Amino acid sequence: MRAITWHGKQDVRIEDVPRPEIVNPTDAIIEVTATAICGSDLHLYHGRVPSMREGDVLGHEPMGEVIEVGEEVETLEVGDRVVVPFTISCGECWFCENDLYSLCDNSNPNAEIAREVMGHSPAGLFGYSHMLGGYAGGQAEYLRVPYADVGPIPIESDLSDEEVLFLSDVFPTGFMAAENAQIEDEDTVAVWGCGPVGQFAIQSAQMLGADRVIAIDRVPERLEMAEEHGDAEIVDYDEGDV
Ligand SMILES: [Zn+2]
Ligand SMILES: [Zn+2]
């Protein structure tokens, strides 16, 4: 199959790599129908994340169709359409049981290395270095999804891939930023940075009841999008004192 592979700083290629197979009975394999590129992928591209290896498959914002399930998978069937989130979570540890899936204690086999580098280890992540599990990512034709009953979000509507794909990372990331701001009715909310996560933070702030949302950036098309789709007031920080 074809996949996007990492070969060092600013060296990313499309290559043929072996197709993934079921490894554990709780795995599923999906045929990827859409996948996004993330700002976080730039950290890999610029060589800022240790423990990448030549040939690692990138990508953590995929969705697709289930084509194979391990014998212990209970909630997914071949043919299901799913969005797969960035984090890999076991569903059974203390963190997973308390809905803190990104802190899963079981899904990163290299947690010791992550702990040395970052102080704590998060869950294993798709396509994001060996210290975070060494899992092949979803910028590929096929993806192995471990703990397939836990992470994947079944899509049962006829919404297009483009309309649901961002559930994999940037929408929940932007939503969480807005949620953490504890927005109340009548609040004015300023969002610094109107990239993809910022756009979702803007729309989430509106959803959570903000009275005014002010979007701050310097890229004209980002500001236009914030105004048009996010109903935000806009400020170009190159044109005045924010
Ligand atoms: Zn991402
Ligand atoms: Zn867990």
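Which fully enclosed helices (runs of 4 or more DSSP H) of the stretch 151-218 have 2 or more residues being surrounded by 17 or more Cβ atoms within 10 Å (Cβ to Cβ)? Give the derivation first.
Details: elements: 161-164, 170-180, 196-207.
Answer list for the stretch 151-218: 170-180, 196-207.
Total residues in the stretch 71-90 satisfying the condition of being outside any loop (DSSP other than H, G, I, E, B) and either modelled with pLDDT under 95 or within 11 Å of Y147 (Cβ to Cβ) (or both): the figure is 2.
Can you find a residue that is open to solvent by less than 60 Å² (accessible area, probe 1.4 Å), within 16 Å of ligand 2 (Cβ to nearest atom) and under 16 Å from G138 (Cβ atoms) anywhere in the stretch 23-39? Break it down into steps so the answer makes sense when it comes.
Filtering the stretch 23-39 for residues open to solvent by less than 60 Å² (accessible area, probe 1.4 Å) gives 25-30, 32, 34-36, 38-39.
Then drop every residue that is not within 16 Å of ligand 2 (Cβ to nearest atom), which leaves 26-27.
The next check asks that each one be under 16 Å from G138 (Cβ atoms); those that pass are 27.
Taking every residue of the stretch 23-39 in turn, at least one turns out to be open to solvent by less than 60 Å² (accessible area, probe 1.4 Å), within 16 Å of ligand 2 (Cβ to nearest atom) and under 16 Å from G138 (Cβ atoms).
Looking only at residues of the stretch 75-90 that are touching a Ser or Thr at 6+ places or on another chain (Cβ under 9 Å), more than 15 Å from T33 (Cβ to Cβ) and not polar (S, T, N, Q), we find that the one that is nearest to ligand 1 (Cβ to nearest atom) is F86. When S102 is tested against (1) in a helix (DSSP H, G or I); (2) crowded, with 24+ Cβ neighbours inside 10 Å, exactly one condition is not met: (2). Do we find that D149 is under 14 Å from E61 (Cα atoms), touching a residue at least 12 places away in the same chain (Cβ under 8 Å), of a type in the set (D, E, K, R) and in contact with a Ser or Thr (Cβ under 7 Å, 6 or more places away or on another chain) in this structure? Judged against the criteria, D149 is not a match.
Residues in the stretch 105-145 that are out of contact with any Ser or Thr (no Cβ under 7 Å at 6 or more places or on another chain) and surrounded by 21 or more Cβ atoms within 10 Å (Cβ to Cβ): how many? Residues in the stretch 105-145 being out of contact with any Ser or Thr (no Cβ under 7 Å at 6 or more places or on another chain) and surrounded by 21 or more Cβ atoms within 10 Å (Cβ to Cβ): 13 in total.
Pairing residues of the stretch 39-55 that are touching a residue at least 12 places away in the same chain (Cβ under 8 Å) with residues that are in a loop (DSSP other than H, G, I, E, B) and surrounded by fewer than 17 Cβ atoms within 10 Å (Cβ to Cβ), at Cβ distances under 6 Å and at least 6 apart in sequence or on separate chains, gives G47/K9; E54/H7. Given the criteria over 18 Å from S40 (Cβ atoms) and surrounded by 21 or more Cβ atoms within 10 Å (Cβ to Cβ), does A148 qualify? So A148 passes the test.
The values are calculated or read from the model by the stated rules, or taken from the named source; none is laboratory data. Keep in mind the model is a prediction, meaning the values are calculated, not measured. All Cβ positions, glycine included, derive from the backbone under ideal geometry; neighbour counts span all protein chains shown. We work out accessible area using only protein heavy atoms, side chains counted, and drop any ligands, DNA or RNA first. Shrake-Rupley method; radii C 1.70, N 1.55, O 1.52, S 1.80 Å.
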